[in-house]
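A quick write-up on the structure given underneath.
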Amino acid sequence: MHHGTGSADRDGVPDGRAEAARCPVGGTLALHEPTPADLPWGRLRDQYGGLAPVEIAPGVPGWLLLGYKENLQVLRDQTHFSADPRPWSASGTAPARTGALTHDGEEHRRLRAPIVDALTPVGTPQLVPVVERAAVRLLDAVAADGHADLIGRFAAPLPALVLNELLGLPDAYGSLLADLTARLWSGDPERAEPAAPAIRAYFTGLVARKRAEPGDDLASRLLEHPHALTDDEAVEALSLLWETGHEPTTHLIGNALLKLLEDPTVWTAYLGGALTPEDFVDYVMWTDSPIRMLAGRYSAMDLRFAGARIRRGEPMLFGFASAHADPSVVRDGDDAMAMAGNRSHLSWGAGAHRCPATGFSRDLVRTAIDMVVDRLRGMALAVDPSRLTWRASLAIHGLERLPVTYTPTGERAEPGAEEAAPTTRGRWVRRKRRPTPRGARYQAPLAPKHDTEETGNDTAAPRATPAPRTRAAAPRAVGARYQAPFAQPEPGTPDPLEQLLATWRPRG
């Protein structure tokens, strides 16, 4: 692989920064300045090979990984590349926003294990009904209109509603989290600034509530883990789960729906079963991954890598969009069927920091896609694809809006109405058949009160009727599932989640 033709340093290793002046996008590739969100990845690889010098902030040099093998090696290698920013700054302040646990080794394992173990019980049978309920709630709200923005009205709020239920909180808090998330990533400073502390308050209040009243939910399992996270560590872990999962999941759903709508071949293969939901999600990850670029590693020592000299502490940025288009690993990249079954994309990460919610995300996304396809009949793009607006972000690849039209149902969901769990028609969900109801609970006939038994002297004696059984009173239902009151806080200590909900005003 070509690694540049710039001047060599005193060790004879090409110095990539000498080539920065000939960057194909014009001058030094300064990522902190206005830059086209969709960089010319092919031209960058031709110019630099697998690694390009960049300026992350004024006066802060770094490296952008372009090749597939270079990205994979840095993801896996904890000896030479650290997730901890302290090699760059003794204070541990990161020069770029990262979505990874900023620890390595034993400390990383201690903080990661509770997240992994808390997610483990949330398999397909547990997750799919939760996604279905949230999807039905969102789709029924627009079904009668015949048109909708599937980003703002579906893909964006869905992950927050699902996570909120799995955390063991009532639906009102899911709407709160969805709205605060939309404000935080709206690009409007006036909306985003107050949303950040409110989201922190959501997770802080969640931890306080689940410490006092644990249940069978994701948050309680994390708090009860043997590694015994402190409250602050638990808040960070749950915040990380939301932060790293929400936007990528939102735009994976959006990018997948767009792929179906604008490519008749993919639509036919998907609906006909030739392209399975699992293979379709991976195909979108290769061609339209929601993550273009991601910060998160630092060189742990001076070293030579990919033909360049890397100094200790210099930040390394993953270029997943470039890696997924690297001709050394991708052939026939526009053919969905040619890529079916190829799960070697890097969007879930690799190595010790690989995403712990990979299966969770897959189930959520494919269920969401199936629900939209099944319920919005005659769905089509409402505008020409060339008029769609993409987010102006080097990190996230996703649409601002996805306007569609479809056949309206003529029915509108009542606000606040409880939704029944839908009947799933997805090809990949199997449900066990329930046994036929039996017993007194279902009004089954009781034995006759005066049945007889034959005796030796042919005298019919009535069978003794057993004394009525006293049914024990059912325990009082508690927890978010039953909307029952939680443990009462001490006088003068109001519940922080209730306070947050009381002061929250949904967007108009």
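Side notes on the structure shown:
- When we screen Arg191, Arg221 for residues that are of a type in the set (Lys, Arg) and closer than 27 Å to Leu150 by Cα, the only hit is Arg191.
Residues checked against (1) under 26 Å from Ala30 (Cβ atoms); (2) open to solvent by 20 Å² or more (accessible area, probe 1.4 Å); (3) of a type in the set (S, T, N, Q):
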{"site": "Leu66", "(1), (2), (3)": "yes, no, no"}
{"site": "Arg76", "(1), (2), (3)": "no, yes, no"}
{"site": "Arg97", "(1), (2), (3)": "yes, yes, no"}
{"site": "Glu107", "(1), (2), (3)": "no, yes, no"}
{"site": "Pro125", "(1), (2), (3)": "no, yes, no"}
{"site": "Val131", "(1), (2), (3)": "no, no, no"}
{"site": "Ala141", "(1), (2), (3)": "no, yes, no"}
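- Exclusive hit being more than 28 Å from Arg112 (Cα to Cα) and among the β-branched types (Val, Ile, Thr), set Val207, Val235, Val266: Val266
- Contacts under 6 angstrom Cβ, first residue in segment 207-230 being of a type in the set (Val, Ile, Thr), partner assigned to a helix (DSSP H, G or I), 6 or more apart: Val207/Asp231; Val207/Ala234; Val207/Val235
- Any hit, segment 178-186, residues being in contact (Cβ under 8 Å) with a residue 40 or more places away in the chain, open to solvent by 50 Å² or more (accessible area, probe 1.4 Å) and not in a helix (DSSP H, G or I): yes
- Subset of segment 312-348 (residues that are open to solvent by 20 Å² or more (accessible area, probe 1.4 Å) and among the aliphatic types (A, V, I, L, M)): Ala321, Ala325, Val329, Val330, Met337, Ala338, Ala340
- Of all residues making up segment 193-222, the number that are in a helix (DSSP H, G or I) and open to solvent by 20 Å² or more (accessible area, probe 1.4 Å): 11
- Residue list for segment 389-430, filter: modelled with pLDDT under 95, open to solvent by 80 Å² or more (accessible area, probe 1.4 Å) and touching a helix residue (DSSP H, G or I) at 6+ places or on another chain (Cβ under 6 Å): Arg425
- Selection of segment 374-401 for residues being touching a Gly at 6+ places or on another chain (Cβ under 9 Å) and basic (Lys, Arg) yields Arg391, Arg401.
- Pick from segment 112-162, criterion part of a helix (DSSP H, G or I) and free of Cβ contacts under 8 Å to residues at least 24 places away in the same chain, ranking: nearest to Leu257 (Cα to Cα): Arg153
- Residue that is modelled with the lowest pLDDT, among those in segment 21-42 that are of a type in the set (A, V, I, L, M, F, W, C) and either open to solvent by 50 Å² or more (accessible area, probe 1.4 Å) or in a loop (DSSP other than H, G, I, E, B) (or both): Ala21
- Residue among Pro356, Pro385 that alone is within 25 Å of the chain's Cα centre (by Cα) and either surrounded by 13 or more Cβ atoms within 10 Å (Cβ to Cβ) or modelled with pLDDT of 90 or more (or both): Pro356
- Ala160 vs. criteria hydrophobic (A, V, I, L, M, F, W, C) and in contact with a Lys or Arg (Cβ under 7 Å, 6 or more places away or on another chain): no
- Listed by position, the strands (runs of 3 or more DSSP E) contained in segment 250-311 that have at least 2 residues being open to solvent by 10 Å² or more (accessible area, probe 1.4 Å) are 293-299, 303-305.
- Set side by side, the residues Ala113, Ala118 differ, and just one is crowded, with 19+ Cβ neighbours inside 10 Å and at negative phi, which is Ala118.
- Test for Ile369: is it in contact with a helix residue (DSSP H, G or I) (Cβ under 6 Å, 6 or more places away or on another chain) and either modelled with pLDDT of 95 or more or open to solvent by 40 Å² or more (accessible area, probe 1.4 Å) (or both): yes
The values are calculated or read from the model by the stated rules, or taken from the named source; none is laboratory data. Predicted, not measured: the structure shown is a model, and the values here were computed from it. Neighbour counts are summed over all protein chains in view; Cβ atoms, including those assigned to glycine, are modelled from backbone coordinates with ideal geometry. Only protein heavy atoms, including side chains, enter the accessible area calculation; ligands, DNA and RNA are left aside. Shrake-Rupley method; radii C 1.70, N 1.55, O 1.52, S 1.80 Å.
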